[in-house]
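Q: I have a structure here, written as structure tokens, and I will follow up with some questions on it.
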Amino acid sequence: MKHVTIILAGFVSLLLSLYLVSNYEGVYLQRPLWLTLVPVMLVGAWFSMVQLTILADNVTSKLAERFIGVMVPALFAFVLLVLWQLTVTGFSVPKVLLPAPSTILTTFVTHIDVLSKDFAQTWLKAVLVGWIIGCASGFIVALLIDGSPFLQKGFLPVGNIMSSIPIVGIAPIMVMWFGFDWQSKAAVVVIMTFFPMLVNTLAGLQARDSLHLDVLQTYACKRHQVLWYVQLPAALPFIFNALKVNSTLALIGAIVAEFFGTPIVGMGFRISTEVGRMNMDMVWATILVAALAGSISYGALALLESKLTFWHPSRRSK
């Protein structure tokens with residue numbers, strides 16, 4: 001009961017601090033109330049998160065533990081947003097330097113139609129297509145060269161060189177080759193995601209259990225049986241690590257590639273255009289879309305990984 005009371009008090013503190021900011025803006029900056037009451041509220045909210053973490057260590061229900069595990073990072077992010085809002089509003093920071101979260105959210109809702117078109121152009125076309133092709137090709141090449149040290153010594157240095165080429169060097173070349181539409185951005189994503197998948201898949205295939213391998217060889221199992229029953233299950237954690245890392249790399253690569261030529265749509269185009277207009281509200285709203293897309297895709301892959309690799313020793317304690 002004690003923990004619950006402190007947590008509720010923290011929620012009330014956050015809501016009151018937001019109410020003060022939204023109704024009085026920077027008025028309290030010159031008054032003692034602003035300098036005392038709001039920090040006390042934030043300290044109370046922070047203390048409630050600490051109590052929530054302690055409570056998570058003492059609960060026995062799996063459902064309650066998962067719920068608290070989600071609430072702690074959510075509350076942490078919410079407190080950071082409140083601090084952002086308080087700082088920008090209280091000290092009257094110009095919007096061109098840093099808009100308030102409330103302003104960004106308003107812009108996001110107001111221009112949702114434009115942002116959705118940018119999202120479709122960048123993520124649904126360039127990112128998704130490039131991510132699938134890059135990851136699939138890296139996975140297939142890893143399967144082909146797994147049993148050949150000669151091919152590994154040939155492919156890995158080439159892949160390492162390709163992955164070390166900066167985006168700003170690749171993007172203009174891809175635009176010249178594939179045009180200004182999403183295909184050139186997808187090509188950049190393919191190059192960025194191929195090598196991480198290749199290296200991680202190879203490492204996973206070579207992390208097979210020697211005992212399991214000896215058993216299958218004793219029964220004269222064929223190469224594809226060893227691959228299916230021993231190597232691929234052992235490689236799944238490595239493959240999912242590459243998929244998750246590539247999901248964020250692909251989005252970054254596509255957005256940066258759009259700076260070098262694109263139709264009048266896309267998240268990279270929107271950011272570069274609105275920066276030139278000093279319309280930072282729209283820039284941050286586009287960044288919000290990119291952050292949501294990257295977080296959701298990463299979370300979906302992490303959830304799928306937990307369902308498919310529940311047997312792995314690294315997940316047994318979770």
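Q: Considering amide H positions built from the backbone, and no H for Pro or chain starts, which residues 5 or more places from G179, or on another chain, come under 5 Å of its amide H?
A: none
Q: Same structure, new question: So how far apart, in nm, are the two label points at I173 and V245 if each is 7 Å from Cα heading toward Cβ?
A: About 2.2 nm, to one decimal.
Q: Can you tell me the FRET efficiency between S137 and S295 if r is taken as the Cβ-Cβ distance and R0 is 25 Å, rounded to the nearest 0.05?
A: Numbers: r = 26 Å, r/R0 = 1.03.
It comes to 0.45.
Q: Give me the distance in nm between label points sitting 7 Å out from Cα along the Cα-to-Cβ direction at F180 and K95, one decimal.
A: Each label point is offset 7 Å from its Cα along the Cβ direction, giving 2.9 nm.
Q: With label points built 7 Å along Cα→Cβ from the Cα atoms of R277 and V109, find their separation and express it in nm.
A: 2.1
Q: Also: For region 109-315, max minus min Cα coordinate along each principal axis, in Å, sorted largest first?
A: 69, 35, 20
Q: Set the Förster distance to 35 Å, then compute FRET efficiency between L236 and A74 from the Cβ-Cβ distance, nearest 0.05.
A: On the way: r = 29 Å, r/R0 = 0.82.
The calculated FRET efficiency here is 0.75.
Q: Applying a 10 Å radius around every beta-carbon, put 298-305, 126-133 in order of their mean neighbour count, most first. Write out the running numbers ahead of the final one.
A: Working: 298-305: 14.0, 126-133: 22.9.
Going by the mean number of other Cβ atoms within 10 Å, highest first, we get 126-133, 298-305.
Q: Can you work out ³J(HN,Hα) from phi for every residue in region 91-101, in order, using Karplus 6.51 cos²θ - 1.76 cosθ + 1.60 and θ = phi - 60°, giving whole Hz and x for Gly and Pro?
A: My calculation for region 91-101 gives 9, 6, 5, x, 4, 5, 8, 7, x, 6, x Hz in order.
Q: May I pose another question? Along region 76-85, what does the Karplus equation 6.51 cos²θ - 1.76 cosθ + 1.60 (θ = phi - 60°) give for ³J(HN,Hα), rounded to whole Hz, x for Gly and Pro?
A: Taking θ as phi minus 60°, the curve returns 4, 5, 5, 5, 4, 5, 5, 4, 4, 4 Hz for region 76-85.
Q: Something else now. Highest mean first, how do 160-172, 266-278 rank when packing is the count of other Cβ atoms within 10 Å averaged over residues? Can you show the working numbers first?
A: On the way: 160-172: 13.6, 266-278: 18.2.
Order by mean packing, descending: 266-278, 160-172.
Q: Please tell me which of these pairs span more than 20 angstrom C-alpha to C-alpha: K125/K307; K125/K244; K117/K185; K95/K185? Kindly include the intermediate steps, with their values, before the conclusion.
A: Details: K125/K307 27 Å; K125/K244 18 Å; K117/K185 16 Å; K95/K185 31 Å.
The answer is K125/K307; K95/K185.
Just so you know, all these numbers are worked out from the coordinates, no wet-lab data involved. Quantities reported herein were computed from a predicted structural model and do not represent experimental measurements. All Cβ positions, even for glycine, are placed from backbone atoms using ideal geometry, and neighbour counts span all protein chains on display.
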